[in-house]
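S.K.: Have a look at the structure that comes next, please.
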Amino acid sequence: MNDKKTAHTTTMNYTLDPHGEELFRQYQMMMPVFKKTEMLAVETLQTALQQQNIYVTSIEHRIKTEKSLIGKLELKGAKYSSISDITDIVGIRINTFYSDDVDKVAAIVKRTFDVDWKDSVDKRKQLELHSFGYSSLHYICRLPKSLANDPQMPELSNMRFELQMRTALQHVWSTVEHDIGYKGGVKIPNEYRRQFSRLAGMLELIDDEFSRLRVTLTDYRRKVQSLVSSGQLDEVLLDSDNFRSYLEMRPFDRLNKRIAAVNQAEIYPTPLLPFVRVFSKLGLTTLGDVERLIADYSEDAYQLALSQLAITDLDIIAENVGPTNLCIVYILRNQGGKSDLIKFYQVLNGDQPRNITLAENMMEQAKQLSF
């Protein structure tokens, strides 16, 4: 009886028939179930996505507000026998980066929850030529029995929730379209509807092209890895991604170990990706060029290191000693001088005053070398 009073008080500014008021009363009583369903569904979904290494832009979730529910009951409350017939009281939306990730997320959802296929719909397939705006993939789900086993809340096993999946661009379009397309109940002139359609088409094309570009780049990276593994380095451009794959072959290890052996030193790891910029400044364009640099200049690079280490007792050296000395002897053997060494250090270290000192010291040490 008290519950009915609450319902009448809350809904007194709305026009609900007795059946609508009963549904609203059920909604209030079931709120703890809605909240637990939302919590379990979101936590389970986040875990499943992380386990499959699927990255999404956001996971939004909400429980339908009283105001929203009452508005729905005013319009079509008669079609629902009980509050459990309203499947979107608990709603979750997953926004993905790419359109093909929507289907990947859908596959995870099918394995994670019990999907009610009768009420689920792929609204992407319902778009018509004149339609403007995006649609989502909508699944109506239940928690699996392993999660919905709370004796204190048996309603969990039958509670349904709506799960929407769409891309970030689809989400942006839906928000913009709702904001400027349907406010105020004013009919939109055909010329503006046409602008909506054109913009929707452009965004749909962008969505598809992003997915296509990702596939293309993935294929390219696999091709590069294959070329690197097979030693066909002249066919691989020198860039950060390709150089990262090349570093997996440990191309500077032999030189570094030879240098370290001078003082029986330990080699500690340092980032080598900055040498992509250095090698590019030296005019190298492919990984084959880097490979030839190592082959042609390693002996002189070792001799340079020997002149540096012979008068010290250093027992630890950086992993970048090999490529650093390779670059120095390359510059000097190709008629470079102090100014060229300064530029080299600036590319490698940034614009620092000590670059001049480093270049001067290196010019002095290089006088002892044959070249």
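S.K.: Out of curiosity, is GLU74 in contact (Cβ under 8 Å) with a residue 60 or more places away in the chain and in contact with a Gly (Cβ under 8 Å, 6 or more places away or on another chain)?
M.R.: Working: in contact (Cβ under 8 Å) with a residue 60 or more places away in the chain: yes; in contact with a Gly (Cβ under 8 Å, 6 or more places away or on another chain): yes.
So GLU74 fits the description; yes.
S.K.: For residues that are in a helix (DSSP H, G or I) and touching a residue at least 40 places away in the same chain (Cβ under 8 Å), scanning just the stretch 216-247, find the one that is farthest from the chain's Cα centre (by Cα).
M.R.: Taking the stretch 216-247 first, the residues in a helix (DSSP H, G or I) are 216-230, 233-235, 240-247.
Then keep just the ones that are touching a residue at least 40 places away in the same chain (Cβ under 8 Å); that gives 228, 233-235, 242-243, 246.
Details: VAL228: 26, LEU233: 29, ASP234: 31, GLU235: 29, ASN242: 20, PHE243: 22, TYR246: 24 Å.
Filtering the stretch 216-247 for residues that are in a helix (DSSP H, G or I) and touching a residue at least 40 places away in the same chain (Cβ under 8 Å), the one farthest from the chain's Cα centre (by Cα) comes out as ASP234.
S.K.: Before we move on, is SER120 closer than 24 Å to LYS36 by Cα, loosely packed, with under 14 Cβ neighbours inside 10 Å, modelled with pLDDT of 75 or more and assigned by TED's automatic domain parsing to the domain that holds ILE86? Give the steps one after another, and end with the answer.
M.R.: Working: closer than 24 Å to LYS36 by Cα: yes; loosely packed, with under 14 Cβ neighbours inside 10 Å: no; modelled with pLDDT of 75 or more: yes; assigned by TED's automatic domain parsing to the domain that holds ILE86: yes.
Spelling it out, it is not the case that SER120 is closer than 24 Å to LYS36 by Cα, loosely packed, with under 14 Cβ neighbours inside 10 Å, modelled with pLDDT of 75 or more and assigned by TED's automatic domain parsing to the domain that holds ILE86.
S.K.: Do you know which residues across the stretch 289-301 are surrounded by 18 or more Cβ atoms within 10 Å (Cβ to Cβ) and either on the phi > 0 side of the Ramachandran plot or out of contact with any Gly (no Cβ under 9 Å at 6 or more places or on another chain) (or both)?
M.R.: Scanning the stretch 289-301 gives VAL290, LEU293, TYR297, ASP300.
S.K.: Need at least 1 residues that are touching a Phe, Trp or Tyr at 6+ places or on another chain (Cβ under 6 Å), of a type in the set (Phe, Trp, Tyr) and touching a residue at least 12 places away in the same chain (Cβ under 8 Å) per element, so show me which helices (runs of 4 or more DSSP H) inside the stretch 266-371 make the cut, counting only ones lying wholly within it. Full working, then the answer.
M.R.: On the way: elements: 275-281, 287-309, 321-333, 338-349, 354-366.
Output list reads 287-309, 321-333.
The values are calculated or read from the model by the stated rules, or taken from the named source; none is laboratory data. Since the structure is predicted, the reported quantities are computational estimates derived from the model, not experimental observations. Every residue, glycine as well, gets a Cβ built from its backbone with ideal geometry; the counts of neighbours run over all protein chains shown.
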